[in-house]
Amino acid sequence: MMADPYDDVEMARLASGLGMKPALTSLHYVYPMAVFFFYAISSAIAVCTLQTDKPHSRRRVIVWLLMFSILSYLAQLLNIVCRSIGRREVPSEQDTIISLLSCILVFGVELAGLTADSSNLVWHPYIGSFVMALVFEPILETLSILGRSPELLAFSELFDISTVAARYFAFIMALGFYSEGIWSAKREKGNDSERQSLLKMNGEANVEASETSATQTEGQSGYGSTTSGTSTSENATSENSSSDNSTSETSNAKKVESPWERRQRKASEQMEKRLREKGNYIKYAKSFLVFLPYVWPVNNRPLQTRIFLVGCCLLTMNFINFLVPRQLGIIVDSLNGVNGKNPWTGVAIFAGLKLIASEAGLSLLRQWLWVPVEFYSFEAISTAAYSHVLNLSSDFHDAKSSSDIMMAIQSGQSISNMLDSICFQAIPMLIDFNVAFIYLSITFGPYEGFITVATASIFLFIATRMISSLKTARRSEVSAYFEEHYVRQAGIQGWTTVTTFNQIGHEEQRYSTAVKNRVDKSKKVYLGYILAYAFQYLVLLSGLLAGAFLAVFQVTHSKVTPGDFTMLLTYWAQLVAPLTFFANLGKTLSRDLIQAEQLLEIMQTKPTIVNKEGALPLEFNGGHVRFDKVCFSYDNKKDILKDISFTATPGMTIAFVGATGAGKSTILKLLDRFYDVTSGSIQIDGQDIRDVDLFSLRGQIGVVPQAPILFDDTVMNNVRYAKLTATDEEVHEACKAASIHEQIMGFTDGYHTRVGERGLKLSGGELQRVAIARAILKRPAMVLLDEATSAVDTETEQKIQEALRTLCDGRTTFIVAHRLSTIMNADRIVVIMGGELVEQGSHEELIVAKGKYAELWSKQIFVKPKDKDGVEGDKTTATKEGQKAPTIVNDLSPEVTSSELAKVNSSEVLNTLSDSSSQAKNSPPSSSSSSSKSSSETSGSESQSRPSSIAGGHTNEV
Ligand SMILES: Nc1ncnc2c1ncn2[C@@H]1O[C@H](COP(=O)(O)OP(=O)(O)OP(=O)(O)O)[C@@H](O)[C@H]1O
């Protein structure tokens, strides 16, 4: 009679006789694990180092071959099951079954990776796995055959051997097709472009094209498209990435982009750009080390100790998470009398463990320890970001919208979030999961361990796929949400316009459409999530059922106790949270990363206007200002100022006249060092302003801007902003000097009246006088007035002129002005045209010179005197060349106008001044200084009848 071929004793004898059984068993476990680790690690490295491969023309065939290999493992498994059913016993080849199941899982994961729609797939993790299979499979099969007696070969063994051989062949074919695809790609590369375009008409090439277009479509979505690191890296280093980006920009340009979409797209593009620059994720992540001093409490021992204790709490929590289900099992066993333990003691221990694991136990302690650390990093990041932004220069603030900057500063929170996700959730959950896997494998055997890992893998795979499939829907929902927000905000902010134009109905309609759109999108996303969660829980349930069936089988065969079964169920319930968390981790991390990226960009921006090392404070000595061949460009492309040279002696008033956009305000900004000159230099009392301490320079200069901006605070605090230590009396005095005191006292709450956002509740004239009061309170050594009286009527202007007289008295003053009354009383008038200084001199000198200024001035005097009602003439006058002429407003009264006219016509004046006219036109710096000297002398003599050069009280004077 033939011996039972599957007699365990016989098998053990044969195998152990050959010493191969233990080796075979180990290899059964080692093989799938080795393939899995190789695949996981090499894929992770490929993602981190932004590796990509070109689209492979044989990908589809390789997918089919891999699918065949997976089926072959399944066939082997079925073979074992059938054999066991035939023998009416439980399969004894536990290691073989686990190995086959694991291979199905590992190669199944690879199959999913191969079929994922990514054209720039990195191939070496797959090819390496196939090679490993080619190495392991023959060894395993040989050991397995050697372990059997040759005479015992039955049909099932022959089937097994032929299945392995077929699979072996499939792996070889897969490698062959891979190499063939690489070679043909190389050959095609050598072909001319004409032939390549013809080839693209073929089926395979079309697949390639469609795959590429799929990637492009993903790239086109641009903003927020980096939820998966893989896709980011793929897009980032794709050969076509630049064209992708341009396509993306074109497509984005076509549709109207909301500010939110723009922000997201830019952040995403910025992240991709930096990734490309850095070359891999590791270097990219390293750039975030700039935040380390804000996150890690350097030199703060108490906080460092707290962090250490938090780490201990987390580890203890892991241990408790393991003890709780185990204790429940012990209680059940003690109730059943299995372990002979006292159930009361068991319950008391259980209660203690639950208390420690609860929100009132370790969790409370951990949070209590962590709160100061969390607030430390929040405080450190926020203040550092705010201070950094305030210290950045004008070029940065010109280029960024304030809302973008504010959003970026707030995103400091996302750095804490990222750390929180990784340190307090991801790492502890990973530990929990591994402990569960090991403990369940030990208690219930490797099948249970396999079920745990398989369920987790399938769950994570399905969850991440579902989340990414909902990405587009979610994105359009957020867009719709912001659209709704903008429509609502626009309606409320622009309420006056809406009401004035009688468009309330239109706005209501617009808003209801936006809300409906958002609700529709939200419903779609909501349903998607419900379905996704249902599916994920089905997977978990299947795993739980499989595990439970196995455990019940083992309980009924007395291999484990009912308590172990209870422990298993409790453990499973505990594992759901980590799995759900990991499924969402990629999404939350990439969102936080994009936000942190915005802050990183700002933190890496360096101010362009900085103090030179060892810069000394400005030594002010009267205020002798010299512009020496100053050239300037905002963008280093278009010249705004060209070779500007002039000097101002202490106490002099210089007025700048010129067409709008000529560069007048720019001159004032250069003087206050908001920007540095491109070439040439600006000196104050012989010191180059780039060499002196920036704050000491600005401390000496008082500015009254064209459109002053006030804080939404009281009048008192707004004026006091110029000198925070000023007393109420000093503020009152400054306001009196600015002729605004009486008006302020007339406000409902006097000096404690709030001025509204940006000073909205004040009139233009009030606003400018408050700004002048501020400048007076500062008591600057030099004054810059940028159209300080542009927004006011004549009466107010007179009051402002009085205020300015107080401010400018004895101080070197630079004025950008459009009013004749202001300009003609200046000691020096500088005419700027298209960024060039075309002439300079006093009013009389320029009239005699008959240049641009005289032309303009006479036009205003002759053609457009102020009418009786006080209506001003046109602000701009077109020149013959069609250019914008210097803007001067004739604000002189008819009486003054006629006396000025008489002055012009008086040959006496002309004769008197004709000598100096030659010096006026285009005077070089040296002559300019002499001219300025003569001017200052003139103004000095004039100042006897005119106390201050600027104010002078033109009505009296003329
Ligand atoms: N921050 C900036 N960035 C880039 N270009 C700028 C910036 N500020 C001004 N410009 C450009 O520089 C030129 C000169 O501007 P500036 O404000 O000095 O003119 P202006 O003579 O004072 O005009 P206006 O009389 O209208 O105030 C203009 O063409 C303007 O568009």
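Here are the numbers:
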item	result
Pairs beyond 18 Å (Cα-Cα), from Lys629/Lys664; Lys642/Lys669; Lys471/Lys521; Lys286/Lys612; Lys266/Lys523	Lys286/Lys612; Lys266/Lys523
For the stretch 667-698 and the stretch 321-392, distance of Cα centres in Å	60 Å
5 angstrom amide H check on Phe656, placed H, neighbours 5+ away	Ile815, Val816, Ala817, Val830
The stretch 8-192 pair-distance distribution - Cα-Cα, 10 Å bins, rounded %	9, 33, 31, 17, 8, 2, 0
Between the stretch 511-553 and the stretch 713-774, the alpha-carbon center distance in angstrom	60 Å
Inter-site label distance for Thr660 and Phe461 at 7 Å from Cα along Cβ, in nm	6.6 nm
Orientation-averaged projected area, Cα convex hull of the stretch 48-156 (nm²)	8.7 nm²
Using distinct alpha-carbon pairs, which all enter the 1/r mean, Kirkwood radius of the stretch 290-604 in Å	23.8 Å
Radius 14 Å from Cβ of Val106, net charge of other residues (Lys, Arg +1; Asp, Glu -1)	-1
Inter-probe distance in nm under a simple model that places probes 7 Å from Cα toward Cβ, at Lys638 and Ile422	4.4 nm
Full-extension gain in nm, Val371 to Val63, via 0.36 nm per residue minus C-alpha separation	105.8 nm
Sequence-distant residues sharing a close amide H with Val692 (under 5 Å, placed H)	none
Amide H contacts of Val560 (H built 1.01 Å from N, under 5 Å, at least 5 apart or other chain)	Val555
Cα-based Rg and Dmax for the stretch 324-423, where Dmax is the largest Cα-Cα distance (Å)	25.2, 80
Convex hull (Cα only) mean projected area of the stretch 458-609, reported in nm² to one decimal	15.7 nm²
Point-to-point label distance, Thr748-Asn434, nm (Cα→Cβ direction, 7 Å offset)	6.6 nm
Computed FRET value (nearest 0.05) for Ala23 with Ala548, which takes r as the C-beta separation and R₀ as 45 Å	0.85
Extension gain from Glu180 to Thr806, taking 0.36 nm per residue of separation minus the Cα-Cα distance	216.5 nm
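Bear in mind these aren't lab numbers, they're just calculated from the coordinates by the rules spelled out. Quantities reported herein were computed from a predicted structural model and do not represent experimental measurements. Neighbour counts are summed over all protein chains in view; Cβ atoms, including those assigned to glycine, are modelled from backbone coordinates with ideal geometry.
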